[in-house]
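Before any comments, here is the structure.
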């Protein structure tokens, strides 16, 4: 359960990151308010994930935090790549 | 940043990465498999069907103690490994010069279990850190670790400007070279923390082999002639019988602050009970000593101090023996992706130079070695697993034959890649080897179910995991083969 929440928080962080780079990832520009929310989400979500991860144990928590970062990043990248792939 | 620095670092990244990467791919691939070395051994010894968490009884400990005493009388040096969730048998082992061998006992009844001779998962573990070449191999692995760290740092500097903004960038629709570069960067950047941690800790744990901690005064002092050892060398007296081990285990657990006991070493006048490697992220050799033959506690030995703790953390992080199953899978996936980063780097190196240097013999050798590494090694690993199930269980020297067939298959793959190095397109070498990987990987579950159906039923999780990895290898090979077909080169 804990791991699922950590993954969810990373997903949120990557989603905010992608929306903050509209040109690179081909998304519509955010409003100034939306931009502020995305910046906050990009900082707060990983911080919350780290706090949640290290609660049961420091070293295991940090390893889990980095591991979930990598896997969720990979999933987001694959989703974005398939989204922009032209139909065959 | 000045462009000249980027160019120079690009050259360093490419050449250091390619030369170190050829062997590093093998080290990473076998290291990734070593995360589940105990489980692989269980898959490769289907006769051992003891369930995880089987209770350890005094009867089993007495049976093991009787065998140990018998071996001691015969002059062999043995040790006892206690059951753990990953390896639930009670093992009386000794080192035969290559691996640990011995007798496995059922922890519930103390009945010896007859299993087939195989190196099991230990083969991949040994290959990972020694390249099966002893201390020389370990030194080479350590030097390659340093080369990889240099490659990573140069790669970070080259990619620094786009490191964070492009962290989830993957363009499958663009040119093939761009797609491969994106994949290399994506996996490389996302798994950078794991990759740096695993290479750094791996280098540090064996750093004494390349940087011995010898004070300079000792290095420059004239060597003294060696004195013959004065201590007793041969004892003719029979070793004393062992005391009951169960009460000693309970005392040792209390002395080691509740940590489980991993193994017991026996010497003529004492026995030492060591804390399990799985008891925490700090991999220690803390132990409790008991005198023989009465079994009185002599004391506990721990290694305090910040330097010792740092080294224990380095060992613990690298070996991950403390990791629960979920974290172990994270290690496995991260290892797989780190292997993918290095392998994609090798492919990129070849792709970038094909147009300008494709006709050169050096390029052909480089591509042949790349194919031998990226597709040849998985084929050899799968051949190793197939041979384990197909060779008769009671055959003499079957463990050596398994290893020989592993290398035989790898040499055949190298020969196949070399034979095709004269043709204009290397797809003729890639595609048959990818098809072979798919065939062997996809056939692994079928073989497992046909050859050892009882083990599949009783230990379904281990068999599903191993067979699933075979299927995963097959899917990846088929996908890569299809991409090559679409490429049309």
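The values are calculated or read from the model by the stated rules, or taken from the named source; none is laboratory data. Predicted model only: the values in this text are computed from it and were never measured. Virtual Cβ from ideal backbone geometry, glycine too; neighbours counted across all protein chains shown.
Can we say residue A:61 is within 11 Å of chain B (Cβ to nearest Cβ), more than 16 Å from the chain's Cα centre (by Cα) and either touching a residue at least 24 places away in the same chain (Cβ under 8 Å) or closer than 27 Å to residue B:195 by Cβ (or both)? Answer is yes for this residue. When we screen A:35, A:26 for residues that are more than 10 Å from chain B (Cβ to nearest Cβ), touching a residue at least 24 places away in the same chain (Cβ under 8 Å) and either surrounded by fewer than 18 Cβ atoms within 10 Å (Cβ to Cβ) or at negative phi (or both), the only hit is A:26. Within region B:282-308, residues that are on the phi > 0 side of the Ramachandran plot and at pLDDT below 90 reach partners that are surrounded by fewer than 19 Cβ atoms within 10 Å (Cβ to Cβ) and assigned to a loop (DSSP other than H, G, I, E, B) with beta carbons closer than 8 Å, at six or more positions or on different chains, in the pairs B:295/B:243; B:295/B:244. The residues of region B:151-206 that are over 29 Å from residue A:27 (Cβ atoms) and part of a loop (DSSP other than H, G, I, E, B) amount to a single one, B:206. Would you mind finding the one in B:174, B:195 that is within 14 Å of chain A (Cβ to nearest Cβ), under 18 Å from residue A:77 (Cα atoms) and either touching a helix residue (DSSP H, G or I) at 6+ places or on another chain (Cβ under 9 Å) or surrounded by fewer than 20 Cβ atoms within 10 Å (Cβ to Cβ) (or both)? On inspection, the qualifying residue turns out to be B:174. Residues that are surrounded by 16 or more Cβ atoms within 10 Å (Cβ to Cβ), farther than 20 Å from residue A:78 by Cα, within 14 Å of chain A (Cβ to nearest Cβ) and in contact (Cβ under 8 Å) with a residue 24 or more places away in the chain occur at least once in region B:201-208. A single member of B:14, B:65 is more than 26 Å from residue B:140 (Cα to Cα), in contact with a helix residue (DSSP H, G or I) (Cβ under 9 Å, 6 or more places away or on another chain) and assigned to a helix (DSSP H, G or I), and it is B:65.
State yes or no: is residue B:168 more than 25 Å from the chain's Cα centre (by Cα) and at pLDDT 80 or above? Criteria met by residue B:168.
Against the numbered list (1) within 13 Å of another protein chain (Cβ to nearest Cβ); (2) surrounded by fewer than 21 Cβ atoms within 10 Å (Cβ to Cβ); (3) closer than 19 Å to residue B:27 by Cβ, residue B:143 comes up short only at (1).
For residue A:47, the test of being in a helix (DSSP H, G or I), within 11 Å of another protein chain (Cβ to nearest Cβ), out of contact with any strand residue (DSSP E or B) (no Cβ under 7 Å at 6 or more places or on another chain) and surrounded by fewer than 13 Cβ atoms within 10 Å (Cβ to Cβ) is failed.
Screening B:332, B:384, B:407 for residues that are in contact with a helix residue (DSSP H, G or I) (Cβ under 8 Å, 6 or more places away or on another chain), surrounded by fewer than 15 Cβ atoms within 10 Å (Cβ to Cβ) and closer than 18 Å to residue B:33 by Cα leaves exactly one candidate, B:407.
Checking region B:43-57 against the condition returns a match, with at least one residue being free of Cβ contacts under 8 Å to residues at least 40 places away in the same chain, surrounded by fewer than 17 Cβ atoms within 10 Å (Cβ to Cβ) and closer than 23 Å to residue B:261 by Cα.
The requirement of being under 16 Å from residue B:165 (Cα atoms) and facing another protein chain (nearest Cβ under 10 Å) is satisfied by residue A:14. Any idea which of A:3, A:66 is at pLDDT below 90, part of a helix (DSSP H, G or I), within 9 Å of another protein chain (Cβ to nearest Cβ) and within 25 Å of residue B:325 (Cβ to Cβ)? Answer to the check: A:3. Of the set (1) more than 8 Å from chain B (Cβ to nearest Cβ); (2) without any contact (Cβ under 8 Å) to a residue 40 or more places away in the chain; (3) within 10 Å of the chain's Cα centre (by Cα), all apply to residue A:20 but (3). Among the residues of region B:427-442, those identified as farther than 10 Å from residue B:416 by Cβ and free of Cβ contacts under 8 Å to residues at least 40 places away in the same chain are B:439, B:442.
On the stretch given as region B:78-98, residues that are farther than 24 Å from residue B:259 by Cα and in contact (Cβ under 8 Å) with a residue 60 or more places away in the chain total 0.
A residue that is surrounded by 18 or more Cβ atoms within 10 Å (Cβ to Cβ), assigned to a loop (DSSP other than H, G, I, E, B) and in contact with a helix residue (DSSP H, G or I) (Cβ under 7 Å, 6 or more places away or on another chain) occurs somewhere in region B:311-321.
There is at least one residue in region B:68-80 that is part of a strand (DSSP E or B), closer than 14 Å to residue B:266 by Cβ and under 26 Å from the mean Cα position of the chain (by Cα).
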